[in-house]
Amino acid sequence: MELTELFQVGMSREEEILVETKYLALHMGSGDAGVLATPWMIAFMEWVSHHLLAASLPQGFSSVGTQLNVRHLAATPPGVKVRVRAEILGMEGSRVDFKVEAWDPQEKIGEGTHERYVIEAERFMKRVSKKRENLGLD
C-alpha cells in the first residue's frame with residue numbers, strides 16, 4: 001500500500017473539543033492552574049491527526065504517534081471549545097508528518113509538528129503480545 005494513493009500533502013481535519021474540568025492542569029497534575037493542561041492539548045492534536053488518517057486507511061491498518069514538537073502558547077479556561085487542526089505536511093514510506101495547531105475563541109493556543117506511522121494492526125499487536133510474553137505478563 002502506497003500512502004500517496006490514500007493521502008495528499010495539504011489534507012487536513014479539524015475537530016472541536018470542549019475544555020471540561022477533567023482536562024485542566026490542576027486535575028491532571030501537570031500544574032496548579034485551572035486551565036487546559038498541555039498534555040491534553042497534545043492528546044487532542046494526536047487524536048485529530050489519527051482520525052485524519054483513520055478516515056482513509058483500509059481495514060486492518062491504523063497509525064501510531066512517534067514524535068511531537070509542540071508549543072503551548074496561551075492558557076484556555078474550562079467551558080471553552082478548542083478547535084484543533086492537523087494538516088499533512090509530507091509522507092515517506094509509512095511515515096506521515098503533520099502540522100498541528102489549536103485555537104480557543106480568542107487566540108491560537110498551540111502549534112507544532114507531529115509524526116505518525118501507518119501500521120498493520122495485527123502485526124503490531126503480535127509484537128506487543130511477544131513483548132508481554134518476554135516480560136512475563138502473560
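Please pick out the residue among Ile109, Ile119 that is crowded, with 18+ Cβ neighbours inside 10 Å, among the aliphatic types (A, V, I, L, M) and modelled with pLDDT of 95 or more.
Sole residue among the options that is crowded, with 18+ Cβ neighbours inside 10 Å, among the aliphatic types (A, V, I, L, M) and modelled with pLDDT of 95 or more: Ile109.
Taking the range 92-138, which residues are at negative phi and in a loop (DSSP other than H, G, I, E, B)?
If the condition is that a residue be at negative phi and in a loop (DSSP other than H, G, I, E, B), then Ser94, Asp104, Pro105, Gln106, Glu107, Leu135, Leu137, Asp138 are the ones that fit.
Among the residues of the range 47-69, how many are surrounded by fewer than 12 Cβ atoms within 10 Å (Cβ to Cβ) and in contact with a helix residue (DSSP H, G or I) (Cβ under 7 Å, 6 or more places away or on another chain)?
Of the residues in that region, 1 qualify.
Considering (1) closer than 14 Å to Val48 by Cβ; (2) among the hydrophobic types (A, V, I, L, M, F, W, C); (3) outside any strand (DSSP E or B), say which one Val82 fails and leave the rest.
Every condition holds for Val82 apart from (3).
Which of the residues spanning the range 19-40 are closer than 17 Å to Val84 by Cβ and either touching a His at 6+ places or on another chain (Cβ under 6 Å) or in a loop (DSSP other than H, G, I, E, B) (or both)?
Passing the criteria: Val19, Glu20, Val35, Ala37, Thr38.
Scan the range 57-79 residue by residue and report those that are within 16 Å of Tyr117 (Cα to Cα) and assigned to a loop (DSSP other than H, G, I, E, B).
If the condition is that a residue be within 16 Å of Tyr117 (Cα to Cα) and assigned to a loop (DSSP other than H, G, I, E, B), then Leu57, Pro58, Gln59, Gly60 are the ones that fit.
Taking Gly10, is it within 18 Å of Glu111 (Cα to Cα), exposed (fewer than 12 other Cβ atoms within 10 Å of the Cβ) and not polar (S, T, N, Q)?
yes
When the residues of the range 32-46 are filtered to those that are of a type outside the set (Asp, Glu) and over 14 Å from Ala74 (Cα atoms), which remaining residue is surrounded by the most Cβ atoms within 10 Å (Cβ to Cβ)?
Applying the filter and picking the extreme gives Met45.
Please go through the range 11-31 and give me each residue that is farther than 17 Å from Leu73 by Cα, of a type outside the set (A, V, I, L, M) and at pLDDT 95 or above, ordered by number.
Ser12, Arg13, Glu14, Glu15, Glu16, Glu20, Thr21, Lys22
Quick check on my filter: what residues within the range 63-109 are over 13 Å from the mean Cα position of the chain (by Cα) and either small (Gly, Ala, Ser) or over 22 Å from Glu20 (Cβ atoms) (or both)?
Residues satisfying the conditions are Arg71, Ala74, Ala75, Gly79, Leu89, Gly90, Met91, Glu92, Gly93, Ser94, Arg95.
The values are calculated or read from the model by the stated rules, or taken from the named source; none is laboratory data. This structure is a prediction, so every number in the text was calculated from the model and none was measured. With ideal geometry, Cβ positions are generated from the backbone for all residues, glycine too; neighbour counts draw on all protein chains shown.
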